[in-house]
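Below is one structure; the comments refer to it alone.
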Amino acid sequence: MRKYILIILMAVVLIACGEYQKLLKSTDPELKYTKAVEYFEKKDFMRAATLFDEVSRYYRGTERSEEVLNYLAGSYMGQKDYYSAVEYYKTYVKTYPKGKYITDARFMIGYCAYLDSPDARLDQQSTNEALVAFQEFLDLHPDNDRVPEANKLMDDLRDKLAYKELLNSRLYYNLGNYLGNNYLSAVITAQNALKDFPNNKYREELLFIVLQSKYEQAVQSVIEKRMERYRDTVDEYYNFINEHPEGKFRKQADRIFAEANKVVKE
């Protein structure tokens, strides 16, 4: 029984492939467009994209051109080729600034770039592109139903950028004084992240890295700078506990404060 089912399935696939090959050779753009829409609705996005791309030349400058371009962008998104999808949605926005899909296209530029955003350890060009696109969407369509979703996705993107800076801060801290004052770099990197992304979910650890790094700078300072840096550490401790009095780094922060304050009071 299974053998017959397999044979039937193979026959169906071969017939479907044969029909598709005939479509590719067809000179009838209306037929290709109709079939492309059918493939799209069946989520066969690769075939849909190929056919839409072919008929796009024929329909250029016509009313249907807008439909084709919107379908093309959607087809690439369906294939998870988010980079290409972004480019096609951008082309749509540029070509049809008052088109009937303009609101969705602007949102999708941000959303596809969001989906294309890589691990925080990698280059974040797509992340920044998504933030710019979503901000443009919010500015131009402030009352759209998808505004809350855009805001939520932007928060995710900002958290990713903040996490990247957290990783860099940790690295600088762990390097210590190797080939230079990396504690200072840790402080600057963490403080910049706190400034650029004030509501990020890694805020507590970034603040603690600032405290840790300032303390290590004080411990390893030359005598002329030591007292000033210990005082700066004490000030940073109060800044930390004022914001996170019950945080997970409180005990470590208290130990740092005790050591720094002992020196300050000597």
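The values are calculated or read from the model by the stated rules, or taken from the named source; none is laboratory data. Every value quoted in this text rests on a predicted model; they were computed, and no experiment measured them. Using ideal geometry, Cβ is built from the backbone for each residue, glycine included, and neighbour counts are taken over all protein chains shown.
A compact table of results
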item: Count of the range 85-123 residues which are under 10 Å from the mean Cα position of the chain (by Cα), surrounded by 15 or more Cβ atoms within 10 Å (Cβ to Cβ) and not hydrophobic (A, V, I, L, M, F, W, C); result: 5
item: Matching residues in the range 148-189 - criterion: being more than 15 Å from TYR215 (Cβ to Cβ), surrounded by 14 or more Cβ atoms within 10 Å (Cβ to Cβ) and of a type in the set (Ser, Thr, Tyr); result: TYR163, SER185, THR189
item: Residue ID - surrounded by the fewest Cβ atoms within 10 Å (Cβ to Cβ), chosen from residues in the range 256-266 that are out of contact with any Leu (no Cβ under 7 Å at 6 or more places or on another chain) and within 13 Å of GLU216 (Cα to Cα); result: GLU259
item: All helices (runs of 4 or more DSSP H) inside the range 125-233 with 1 or more residues being modelled with pLDDT of 95 or more, touching a helix residue (DSSP H, G or I) at 6+ places or on another chain (Cβ under 6 Å) and charged (D, E, K, R); result: 125-140, 147-175, 203-219
item: Candidate set: the range 124-139, residues that are over 14 Å from ASN151 (Cα atoms) and out of contact with any Lys or Arg (no Cβ under 8 Å at 6 or more places or on another chain); chosen: the one surrounded by the fewest Cβ atoms within 10 Å (Cβ to Cβ); result: GLN125
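Okay, residues lined up against (1) at pLDDT 90 or above; (2) surrounded by fewer than 10 Cβ atoms within 10 Å (Cβ to Cβ):
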{"position": "ARG2", "(1), (2)": "no, yes"}
{"position": "LEU6", "(1), (2)": "no, no"}
{"position": "CYS17", "(1), (2)": "no, no"}
{"position": "GLN21", "(1), (2)": "no, no"}
{"position": "LYS35", "(1), (2)": "yes, no"}
{"position": "ALA49", "(1), (2)": "yes, no"}
{"position": "GLU66", "(1), (2)": "yes, no"}
{"position": "LEU69", "(1), (2)": "yes, no"}
